[in-house]
Amino acid sequence: VKMGKSTKTTVKKQKGKQIKDKEEFLKSDVFSTDKKYWLIVALLAIVSGYLSSQHVSNMFENQKQFSHLSTLERELSFRTEMGLYYSYYKTIAEAPTYMSGVRKILKCNITEYPDEINVLRRFNLYPELVLGTMFRIYKWYGKLFNMRLETCYTINRGEGLSQVQSCVGMGDIAHFYVYPIFWLNGLMLSAFFILGTYISGSILGGAISVICFFYNWGEATRVQWTPPLRESFSFPFLIAQLLTIVHLLKCPSPNLRHSVLLSIITTCFMLPWQFAQFALLTQVCAIFGLYLLKFIDSKRITIILYGLLLSHYLNFVFQLANTLLISSFFMAAMISALVVIKLEVYFEKLPHRILIWVSQAGFFLFMSVVIKVGTAKLFQIKDDAHIFDILKSKFSDFKDFHTLLYVCAPEFDFLGFEYANNVSKTLLLPTAIFVGFVVLIKILINEWKYWICNEKIMENSECPTKPYTEHFYWLLQTVAFMIMSVMIMRLKLFGTPSLCILASLLASKQIFGFIGQRSVQYSVIFLLLAGMTYQGYKNLNHQFSMKGSYSNVEMENLIEWINANTEPDAVFAGAMPTMAGIKLSCNRPIVNHPHYEDVGLRERTKRVYQMYSRKKPSYYHKEMIDMGVTYVILETSWCNRRQREGCGLPEVWDNEDFENLGRPALCNVLSENPRPFHRVWTNGVYQVLKV
């Protein structure tokens, strides 16, 4: 009996200590109501955003000398799908009337000639719609008040090239497009600072996250090189969305207002980028894991899922019933999680906790797959099939034409050891691993107390949570984002920022309170930042020193020839990046383009890319006639180009077209003797073959 009383007294003391620690934490920086404190946070967030925006715009200008380019050169600098997206912004901005421009993107018959498609639904073009609308309003406002919106001057390009007129200022259509992107990504780093501050409970934590981002800039974002890509518009809203999720995990009494806020921000994240749903899928899995391990209760996860589900519905409406959203794993996972929550009372009747976990997790996975596959088959949706083919090709010998086009591109390869080396030199990776290890140890200790010792560690609120819930969530989310990054190098924009936020927890009193005095903790942090600065300063200097100047005279010549010598309704086929340029700068109908996420477009491109196979010229000529093509643009460099063995386009075709193995590549044949086509123009790089 005495031992029992002693044990009970010990438990009470431990519980009292936890409550005291919790009260101290609630009084820490992040929960301070001091206006001066929040003024400092806001000021530092603004400074972080301003520095980020300036850094991005300076690198962009230094690389391209964008302010000295002509209108045509600026358009051609937006290569591949970037040019395609920009073309629709240009359509809205330069249409005779606003509604005529909108109609052209709602019913477009020159993007996939002769089919008429709704490009707003297909290509996530709300950023272009908004910017095009704002540009027209800005020009109208300037004209109304007789304002000078741009300054134009003549540029002498030298080397026998003609002079060009170059305009600068927000009245220039290209400047009005790219600079709001840089400002938006400045706001992203402001939100990034606030997220680091909020999750760590310290302004120093916010500073660590921003410093790590700057020191690892080249591994964290590419907005400075590719502003029109969908991620440039979408990713800033992901940071705001993650901040909202962390707040939902920390606030004592979440309610439906939080769901509405979450849905609005998540909708802004999803609208510009089709891939957003896959990032959100990992979020649903991480949050479901928290629920499974009792870090959050059914009410809290339901509020989060309702917000995500509402955003998915809003996105479906705004995207005009985009079929990819109907059969997404994201939607399937949300529905499955809600079903598991509704059946919680039945799962809890199982005799053992491990059996409950296995049953809930198994049911969640099984239901997700069934809903995903079922809806895809029911509505005959195959648009996202290539994504799973890409994943399959990475772990097996599976490969087909479409998969090889993806995996042969460096950005879709596995994340190389060079990345680990780069983020290790700045000490980001070892710091994040160390912090993650400490967080995991503290969580395991608490879990031992909760499940084995039956201690009551839940925090008192309407929706109880365990200590370190938001930290555990971020650890799970970081692991998920890093897996995505390792699988596809292009996705490291998710992994690196999540490591930076994880590193910010070094300043957390809640995580590293065991160190004792805060002065010791701060000393360790400043020593670490000094070590980070050694390589980080080199990285920044390298970025500052990057100089270049965009020039593509051969493509300019092709565009000028097409505009001068072909009919406005002449139809073109060729390499996807070139087609985007022709659509943008010539406004001619094209049959294929770089937006490869549609199953029909993939098959169109495969037919056009038969020029790089070993088929007979007569067969390919008939194919182009059947597609209604007037001119084929042949680029012989694509015949011999390959990133690695097996990735040359003729080699890609050899995996499927066994009948013509051993024959010369058709592109080389047509380059020497274009019959039955007629070569009407060439400049050594591009050949225009009339069908």
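Enumerate the pairs (first residue in segment 133-161 and in a loop (DSSP other than H, G, I, E, B); second residue anywhere and charged (D, E, K, R) and surrounded by 10 or more Cβ atoms within 10 Å (Cβ to Cβ)) with beta-carbon separation below 6 Å, excluding pairs fewer than 6 apart on the same chain, so at least 6 apart or on different chains.
Listed by first residue and then by second, the contacts come to E150/D172.
If I ask for residues that are in a helix (DSSP H, G or I) and either under 15 Å from the mean Cα position of the chain (by Cα) or farther than 20 Å from A45 by Cβ (or both), which ones from segment 203-238 would you list? Show your work before the answer.
Filtering segment 203-238 for residues in a helix (DSSP H, G or I) gives 203-215, 217-220, 230-238.
Result: G218, E219, A220, R230, E231, S232, F233, S234, F235, P236, F237, L238.
Out of everything in segment 171-186 that is surrounded by fewer than 20 Cβ atoms within 10 Å (Cβ to Cβ) and in contact with a Gly (Cβ under 9 Å, 6 or more places away or on another chain), what residue ends up being farthest from V223 (Cα to Cα)?
Ranking the candidates gives G171 first.
Filter segment 94-107 down to the residues that are in contact (Cβ under 8 Å) with a residue 12 or more places away in the chain and either in the same structural domain as L325 (by the TED database) or farther than 18 Å from Y138 by Cα (or both), then identify the one that is surrounded by the most Cβ atoms within 10 Å (Cβ to Cβ).
Pass one, segment 94-107, residues in contact (Cβ under 8 Å) with a residue 12 or more places away in the chain: 94, 98, 101-102, 104-106.
The next check asks that each one be either in the same structural domain as L325 (by the TED database) or farther than 18 Å from Y138 by Cα (or both); those that pass are 104-106.
On the way: K104: 16, I105: 25, L106: 14.
Per the stated criteria, the residue is I105.
Taking the residues in segment 212-240 that are over 15 Å from Q543 (Cα atoms) and among the β-branched types (V, I, T) as candidates, determine which candidate is surrounded by the most Cβ atoms within 10 Å (Cβ to Cβ).
If we take residues in segment 212-240 being over 15 Å from Q543 (Cα atoms) and among the β-branched types (V, I, T), then I239 is surrounded by the most Cβ atoms within 10 Å (Cβ to Cβ).
Looking only at segment 624-638, which residues are out of contact with any Cys (no Cβ under 9 Å at 6 or more places or on another chain), crowded, with 17+ Cβ neighbours inside 10 Å and not in a loop (DSSP other than H, G, I, E, B)?
Residues satisfying the conditions are M624, Y631, V632, I633.
Looking at (1) surrounded by fewer than 23 Cβ atoms within 10 Å (Cβ to Cβ); (2) modelled with pLDDT of 95 or more; (3) assigned to a helix (DSSP H, G or I); (4) in contact with a strand residue (DSSP E or B) (Cβ under 8 Å, 6 or more places away or on another chain), which is the only condition V608 fails?
Going through the list (1) surrounded by fewer than 23 Cβ atoms within 10 Å (Cβ to Cβ); (2) modelled with pLDDT of 95 or more; (3) assigned to a helix (DSSP H, G or I); (4) in contact with a strand residue (DSSP E or B) (Cβ under 8 Å, 6 or more places away or on another chain), V608 breaks only (1).
Can you tell me which residue in segment 187-202 is surrounded by the most Cβ atoms within 10 Å (Cβ to Cβ), limited to those that are part of a helix (DSSP H, G or I) and of a type in the set (S, T, Y)? Full working, then the answer.
To start, the set of residues in segment 187-202 that are part of a helix (DSSP H, G or I) comprises 187-200.
Checking which are of a type in the set (S, T, Y) leaves us with 190, 197-198, 200.
Working: S190: 24, T197: 27, Y198: 22, S200: 31.
Once the filter is applied, the top-ranked residue is S200.
Return the pairs, sorted by first residue and then second, in which the second residue is of a type in the set (D, E, K, R) and assigned to a helix (DSSP H, G or I), the first residue lies in segment 659-685 and is over 26 Å from A564 (Cβ atoms), the beta carbons are less than 8 Å apart, and the residues are 6+ apart or on different chains.
L661/D654
List the residue pairs whose Cβ atoms are under 9 Å apart, where the first residue sits in segment 583-606 and is not assigned by the TED database to the domain that holds L558, the second is modelled with pLDDT of 95 or more and in a helix (DSSP H, G or I), and the two are 6 or more positions apart or on different chains.
The qualifying pairs do not exist here.
For segment 376-390, enumerate the residues that are exposed (fewer than 15 other Cβ atoms within 10 Å of the Cβ) and among the aliphatic types (A, V, I, L, M).
The answer is L378, A385.
Regarding segment 346-359, can at least one residue be identified that is basic (K, R) and within 29 Å of D297 (Cβ to Cβ)? Before the answer, list the steps.
If we filter segment 346-359 for residues that are basic (K, R), which is where we start, we get 349, 353.
Those left that are additionally within 29 Å of D297 (Cβ to Cβ): 349, 353.
Looking through segment 346-359, at least one residue is basic (K, R) and within 29 Å of D297 (Cβ to Cβ).
Is it the case that L325 is over 16 Å from V284 (Cα atoms) and either in contact with a strand residue (DSSP E or B) (Cβ under 7 Å, 6 or more places away or on another chain) or among the aliphatic types (A, V, I, L, M) (or both)?
On the way: over 16 Å from V284 (Cα atoms): no; either in contact with a strand residue (DSSP E or B) (Cβ under 7 Å, 6 or more places away or on another chain) or among the aliphatic types (A, V, I, L, M) (or both): yes.
The answer is no for L325.
Being in contact with a Gly (Cβ under 6 Å, 6 or more places away or on another chain) and polar (S, T, N, Q) is the filter here, so list the residues in segment 461-487 that pass it.
S485 - this is the single residue of segment 461-487 that is in contact with a Gly (Cβ under 6 Å, 6 or more places away or on another chain) and polar (S, T, N, Q).
Where in segment 1-102 are the helices (runs of 4 or more DSSP H), entirely inside, with at least 1 residues that are at pLDDT 95 or above and over 30 Å from E470 (Cβ atoms)?
Counting at least 1 such residues, we get 35-64, 71-77, 80-94.
Go through segment 610-660 and give me each residue that's polar (S, T, N, Q) and under 26 Å from E411 (Cβ atoms). It would help to see each step written out before you state the result.
The initial filter retains those residues of segment 610-660 that are polar (S, T, N, Q), namely 610, 613, 618, 630, 636-637, 640, 643, 655, 660.
Hits for segment 610-660 are Q610, S613, T636, S637, N640, Q643, N655.
Would you mind telling me which numbered condition in (1) in contact with a Phe, Trp or Tyr (Cβ under 7 Å, 6 or more places away or on another chain); (2) outside any loop (DSSP other than H, G, I, E, B); (3) within 23 Å of T636 (Cβ to Cβ) A570 fails?
Result: A570 fails condition (2) only.
Restricting to segment 573-597, and then to whatever is in a loop (DSSP other than H, G, I, E, B) and under 25 Å from the mean Cα position of the chain (by Cα), can you tell me which residue is surrounded by the most Cβ atoms within 10 Å (Cβ to Cβ)? Reasoning before the result, please.
Step one: of segment 573-597, the residues in a loop (DSSP other than H, G, I, E, B) are 574-575, 587-589, 591-597.
Adding the requirement that they be under 25 Å from the mean Cα position of the chain (by Cα) leaves 575, 592-597.
Details: A575: 23, N592: 27, H593: 25, P594: 20, H595: 21, Y596: 16, E597: 17.
Among them, the one singled out is N592.
Of the residues T465, T403, T478, T426, which single one is buried (at least 19 other Cβ atoms within 10 Å of the Cβ), in contact with a strand residue (DSSP E or B) (Cβ under 7 Å, 6 or more places away or on another chain) and outside the structural domain of A279 (by the TED database)? Spell out how you get there, then give the answer.
Details: T403 fails: in contact with a strand residue (DSSP E or B) (Cβ under 7 Å, 6 or more places away or on another chain); T478 fails: in contact with a strand residue (DSSP E or B) (Cβ under 7 Å, 6 or more places away or on another chain); T426 fails: in contact with a strand residue (DSSP E or B) (Cβ under 7 Å, 6 or more places away or on another chain).
Answer to the check: T465.
Looking at (1) exposed (fewer than 13 other Cβ atoms within 10 Å of the Cβ); (2) over 26 Å from E112 (Cα atoms); (3) charged (D, E, K, R); (4) without any contact (Cβ under 8 Å) to a residue 40 or more places away in the chain, find the lone condition where E651 falls short.
(1)
Sort out for me the helices (runs of 4 or more DSSP H) sitting completely within segment 441-543 that have 1 or more residues that are farther than 26 Å from T282 by Cβ, touching a residue at least 40 places away in the same chain (Cβ under 8 Å) and among the hydrophobic types (A, V, I, L, M, F, W, C).
On the way: elements: 469-487, 492-504, 509-512.
The qualifying helices (runs of 4 or more DSSP H) are 509-512.
The values are calculated or read from the model by the stated rules, or taken from the named source; none is laboratory data. Keep in mind it's a predicted model, so treat the numbers as computed, not measured. So basically every Cβ, Gly included, is an ideal-geometry build from the backbone, and we count neighbours across all protein chains shown.
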